[in-house]
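The values are calculated or read from the model by the stated rules, or taken from the named source; none is laboratory data. These numbers were taken from a predicted model, which means no experiment stands behind them. Positions of Cβ are backbone-derived with ideal geometry, glycine not excepted, and every protein chain shown enters the neighbour counts. These area figures cover heavy atoms from the full protein model, side chains too; ligands, DNA and RNA do not enter into them. Shrake-Rupley method; radii C 1.70, N 1.55, O 1.52, S 1.80 Å.
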Amino acid sequence: LLLNEPSIIEVVISSPIVFEKVCSALEYDPDLRDKANHRWFIRERAKFRTVVHMEDDELIENIHRAFRVTYLRDTLLRPTMDENSLSTLSSLMTFTHADIVKGVMCVVPSRQILGESIEAAAAAAAANLKKESYLVR
């Protein structure tokens, strides 16, 4: 990973099993005072929650890849990362986000559901705001 080779990083983030194995290897960093708990975090704390139902498996996989790239950049490699590694991961993240946006925009029902979800959230926020204004008085 520290070789700044995009093909190696691509292999690591492409599969959740490979990603978890790499995370488990990086738990035993001798520079850390305490052992990191990356496997525990990935298995127990990091849960994928669907806000808008999407049936496109490729889109969902791209969302998972975006999480893996972010976790790799922000948590696993942050102490040892140089400018070139950050640039490589940032460009990979940009391409992954572009794929996600393209996938969301191509799925017409998702745009309709997203619009309905935003309207419902705005209505709920307005109702809560109205309720809170009564409580303040």
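In square nanometres, what is the average projected area of the Cα convex hull of the range 12-99? Could you put the intermediate results ahead of the total?
Values: hull surface 25.3 nm².
Dividing the Cα hull surface by four gives the mean projection, 6.3 nm².
Which GluC sites (Glu not before Pro) does the range 4-69 hold that lie in a coil by DSSP with at most 10 other beta carbons within 10 Å? Before the final figure, lay out the partial values.
On the way: sites: GLU10, GLU20, GLU27, GLU44, GLU55, GLU58, GLU61; in loops: GLU27, GLU55.
Passing both the DSSP loop test and the Cβ count: GLU55.
Please report the carbon-and-sulfur percent of the accessible area for the range 1-113; probe 1.4 Å, protein heavy atoms only, DNA, RNA and ligands left out.
Numbers: 4260 of 7540 Å².
It is 56 percent, rounded to a whole number.
Once the piece of chain linking ARG33 and THR50 is laid out straight, how much longer is it, given 0.36 nm per residue of separation minus the C-alpha distance between them?
Details: separation 17, 0.36 × 17 = 6.12 nm, distance 3.61 nm.
In short, 2.5 nm is gained.
Considering the zone a paramagnetic label at ALA123 would reach in this model (a point 7 Å from Cα along the Cα-to-Cβ line), which residues of the range 53-73 have amide N under 20 Å from it?
53
Please give me, ordered by residue number, the trypsin sites (Lys or Arg not before Pro) of the range 22-70 that lie in loop per DSSP and have at most 14 other Cβ atoms within 10 Å.
ARG33, LYS35, LYS47, ARG49
Going by Cα centres, the range 1-44 and the range 53-72 are how many Å apart?
Here the two parts' Cα centres lie 17 Å apart.
When we measure straight from the Cα of LYS102, which aspartates and glutamates land under 19 angstrom away, once same-chain ones fewer than 8 places off are left out?
LYS102 reaches GLU55, ASP56, ASP57, GLU58, GLU61.
I'd like the chymotrypsin sites (Phe, Trp or Tyr not before Pro) in the range 14-54 restricted to DSSP loop residues with at most 13 other Cβ atoms within 10 Å, sorted by number.
On the way: sites: PHE19, TYR28, TRP40, PHE41, PHE48; in loops: TYR28, PHE48.
Counting only loop positions with at most 13 other Cβ atoms within 10 Å, the chymotrypsin sites (Phe, Trp or Tyr not before Pro) in the range 14-54 are TYR28, PHE48.
Just check the range 1-47 against the gyration tensor rule for me: Cα atoms, a ≥ b ≥ c as the square roots of the eigenvalues, rounded for a/c under 1.5, and otherwise prolate or oblate depending on whether a/b exceeds b/c. Present the calculation step by step, with values, prior to reporting the outcome.
On the way: a/c = 2.97, a/b = 1.21, b/c = 2.46.
Oblate.
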